[in-house]
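Here is the structure we will look at, set down as structure tokens.
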Amino acid sequence: MNQATRPPPASRRRRFACMIYEGILLFGVVFLAGYLLDTLTQSRHGLMWRPERQIFLFVAIGLYFLVSWRRNGQTLPMKTWGIRLADPNGQTPGFTRLLLRYLLLWPLPLLSAWLVARLSAALQSSAIDMLIVLAPFSLFIWTWFDPRGQFLHDRILGTELLAQPRPGPQMPHGQPKVPPTS
């Protein structure tokens, strides 16, 4: 795909809204995966099998993203917000690149979470712990330095989040909506 026909990158606002929506859906993914693990292991509370639970949830979240991205370069929130993941040719990236993208998503938010924990311990204030909810949004820091506003992991892998045109309103049976004439 040449640069003249390539869609523009998705805006930060659109990606931020998509990330919020993604978090809501991930709540369901994590709940179902946790319920499955608890059922299979007969665990009585969330601290049983804790390391195994974390690995299981990491894999479950990864499967959600990999399956969604592989199908058409979009998760449901990405489709809703008109965002598509593409490689340099404008195509859906291959499985290896998608897997690397998922793995490279994690270091910056985990580093941010670790810094919040260290700050909380240094200040001896548990109120600081509430800042942990901002850790996933640390991914946006790089976008202010990138020429196309892309995330760091996308820049490293050559992937890009592109804006997709949203379809206009439709009438039943696929008829385009026509404004009334006077």
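Readers should treat all values here as calculations from the given coordinates under stated rules, not as data from a laboratory. The structure displayed is predicted, hence computed values, not measured ones. Note that we place each Cβ from the backbone using ideal geometry, even for glycine, and neighbour counts take in every protein chain shown.
In table form, for the structure just shown:
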quantity: Potential extension, Met130-Ser43 segment - 0.36 nm per residue separation minus Cα distance; calculated: 28.5 nm
quantity: Rule-of-thumb Rg ratio for the stretch 34-102 [Cα; 2.2 N^0.38 Å; N residues]; calculated: 1.42
quantity: Relative contact order (%) - criterion: Cα under 8 Å, at least six apart; region: the chain; calculated: 27
quantity: Neighbour-count order for His153, His45, fewest beta carbons within 10 angstrom listed first; calculated: His45, His153
quantity: Cα gyration tensor of the chain - equivalent ellipsoid semi-axes, whole Å, descending; calculated: 34, 22, 18
quantity: Around Ala33: net Lys/Arg minus Asp/Glu count, Cβ-Cβ under 15 Å; calculated: 0
quantity: Protection proxy ranking of 144-151, 61-68 - average other beta-carbon atoms within 10 Å, highest first; calculated: 61-68, 144-151
quantity: Cβ-derived FRET efficiency at R0 41 Å, Ile55 paired with Phe145, nearest 0.05; calculated: 0.80
quantity: Ranking of Thr143, Thr159 by count of other Cβ atoms within 10 Å, fewest first; calculated: Thr143, Thr159
